[in-house]
Amino acid sequence: MRAITVHPQDAGSGSGSLEIRDVPDPVPGPGELLVDGLAVGVCGTDKEIVAGEYGWAPAGQERLVLGHESLGRVREAPSGSGFRAGDLVVGVVRRPDPVPCGACARGEFDMCRNGRYTERGIKERAGYGSELWTVESDYAVKLDPALERVGMLLEPTTVVAKAWEQIERIGGRAWFAPQRVLVTGAGPIGLLAALLGVQRGLDVHVLDRVTTGPKPDLVRSLGATYHCEDIDQVTSRVAPDVVIEATGAGHLVFDAISGTATYGIVCLTGVSPRGRQLSVDAGTINRELVLENDAVVGSVNANLRHYRQAAEALAKAAPDWPARMISRRVPLERAAEAFTARDEDIKVVITLNDTLSDARNGED
Ligand SMILES: [Zn+2]
Ligand SMILES: [Zn+2]
């Protein structure tokens, strides 16, 4: 079978080490599903891995199979696994560390304390970017069959399902009745965070720089408000109870922190490069946090509970909405094109099975 492979932490000759290679078909172990890969989504982490800046191959191997935003169809399932041939499935990304730490021991591997967790397609485990893959049945999540074209959006949805859970738990430390939410950044994470905010009945505002392309319409068709002015202007008008920051841009992070309503919660989901310097008024930020009982929390990854929440949220979305987030579908043999950004990209997807590749979007 063919797989999308990289030599992690090797920048190669400019274009990185990405190669579609023939590799042996995987053989399911006891309790594992054998799955036909349908598609993988591409995100910033994949781009960093392809650029040679991140990622680790499995022990004893040189190359890593890429892909953690998975979607597949079960070919073989062990009896009693709860899965059947034909089921639409997504594989969970992270596995608990082997110690395990207290969090991993309780199924909260997204909160791993010792950093020795492994991740499919990222850290020491083959990813899902191959024509066939296997997954332990207790790390597979069944999807509504209607999500066949968009199920690779489940993994990024799990990230925002967790973020919302964190916000609600932190809000629950006292009386909490949020009304207005600001999401900074209308990439896949920002848009999905907005979707889950709307599903909670909140007044959702999304801030991004672009004024053209599909983002403004995607936001408006949720019933949310799209902004492209300065964040200060937006926060002073909206006074958000909750901010979900999805850009990792330093000035947005700090402006969000000082722009919330009283008892505001800012959830940071964007990872920024190190070494960005910014001058901030630490006194004002500290005053605001203390005098308003504000909270700032970082959130990454997701556990099985968040996968189930995300599967429900995606299934509840208006049928055409998630599909409009997918700006390009690139067939496996041309996977390299998925890692070169184009202006109007939101989510780029690599199709692993020809019957799913979209000729209109896949061809130039
Ligand atoms: Zn990702
Ligand atoms: Zn752990």
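The values are calculated or read from the model by the stated rules, or taken from the named source; none is laboratory data. These figures come from a predicted structure and were not determined experimentally. With ideal geometry, Cβ positions are generated from the backbone for all residues, glycine too; neighbour counts draw on all protein chains shown.
Given GLU148, GLU136, which one is of a type outside the set (S, T, N, Q), more than 22 Å from PRO96 (Cα to Cα) and touching a Leu at 6+ places or on another chain (Cβ under 9 Å)?
Step by step, each of GLU148, GLU136 is checked, and only GLU148 is of a type outside the set (S, T, N, Q), more than 22 Å from PRO96 (Cα to Cα) and touching a Leu at 6+ places or on another chain (Cβ under 9 Å).
Scan the stretch 155-184 for residues that are surrounded by 24 or more Cβ atoms within 10 Å (Cβ to Cβ) and farther than 16 Å from ASP110 by Cα and jot them down.
If the condition is that a residue be surrounded by 24 or more Cβ atoms within 10 Å (Cβ to Cβ) and farther than 16 Å from ASP110 by Cα, then VAL181, LEU182, VAL183, THR184 are the ones that fit.
What do you reckon, is ALA239 under 22 Å from the mean Cα position of the chain (by Cα) and not assigned by TED's automatic domain parsing to the domain that holds THR45?
In short, no.
Residue-wise test of (1) touching a Lys or Arg at 6+ places or on another chain (Cβ under 6 Å); (2) of a type outside the set (D, E, K, R).
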| residue | (1), (2) |
| --- | --- |
| ILE170 | no, yes |
| ALA186 | yes, yes |
| ASP203 | yes, no |
| GLY223 | no, yes |
| ASP232 | no, no |
| VAL238 | yes, yes |
| THR247 | no, yes |
| LEU252 | no, yes |
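Let me spell it out: the conditions are (1) without any contact (Cβ under 8 Å) to a residue 40 or more places away in the chain; (2) over 25 Å from the mean Cα position of the chain (by Cα), and GLU48 meets all of them except one. Which number is the exception?
Failed condition: (2).
Determine if the stretch 328-342 includes at least one residue that is within 16 Å of the chain's Cα centre (by Cα), modelled with pLDDT under 95 and not in a helix (DSSP H, G or I).
no
Among the residues of the stretch 111-135, which ones are away from ligand 2 (no atom under 15 Å from the Cβ) and within 23 Å of GLU165 (Cβ to Cβ)?
Residues satisfying the conditions are ARG120, ILE122.
Can you work out which of the residues in the stretch 150-184 that are away from ligand 1 (no atom under 16 Å from the Cβ), among the aliphatic types (A, V, I, L, M) and out of contact with any Cys (no Cβ under 6 Å at 6 or more places or on another chain) is farthest from GLN233 (Cα to Cα)? Before you say what the answer is, go through the steps one by one.
To start, the set of residues in the stretch 150-184 that are away from ligand 1 (no atom under 16 Å from the Cβ) comprises 164-184.
Now narrow it down to the ones that are among the aliphatic types (A, V, I, L, M): 167, 170, 174, 177, 181-183.
Still in the running and out of contact with any Cys (no Cβ under 6 Å at 6 or more places or on another chain): 170, 174, 177, 181-183.
Details: ILE170: 26, ALA174: 28, ALA177: 24, VAL181: 15, LEU182: 12, VAL183: 14 Å.
Applying the filter and picking the extreme gives ALA174.
Provide a single number: the residues in the stretch 218-247 that are in contact (Cβ under 8 Å) with a residue 24 or more places away in the chain and surrounded by fewer than 18 Cβ atoms within 10 Å (Cβ to Cβ). Give the derivation first.
Within the stretch 218-247, the first condition is being in contact (Cβ under 8 Å) with a residue 24 or more places away in the chain, and the residues that meet it are 218-219, 221-224, 226, 231-232, 234-235, 238-247.
With surrounded by fewer than 18 Cβ atoms within 10 Å (Cβ to Cβ) added as a condition, the list becomes 221, 223, 232, 239.
Adding up the residues that qualify gives 4.
Among (1) among the small types (Gly, Ala, Ser); (2) free of Cβ contacts under 8 Å to residues at least 60 places away in the same chain; (3) more than 16 Å from ligand 1 (Cβ to nearest atom), there is one condition SER130 misses while meeting the rest; what is its number?
(2)
Just one of (1) more than 22 Å from VAL349 (Cβ to Cβ); (2) away from ligand 1 (no atom under 16 Å from the Cβ) trips up TRP56, so point out which.
(2)
The rows are residues; the columns are (1) touching a residue at least 60 places away in the same chain (Cβ under 8 Å); (2) crowded, with 20+ Cβ neighbours inside 10 Å; (3) within 16 Å of ligand 1 (Cβ to nearest atom).
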| position | (1), (2), (3) |
| --- | --- |
| SER70 | yes, yes, yes |
| VAL90 | yes, yes, yes |
| VAL99 | no, no, no |
| ILE122 | yes, yes, yes |
| GLU148 | yes, no, no |
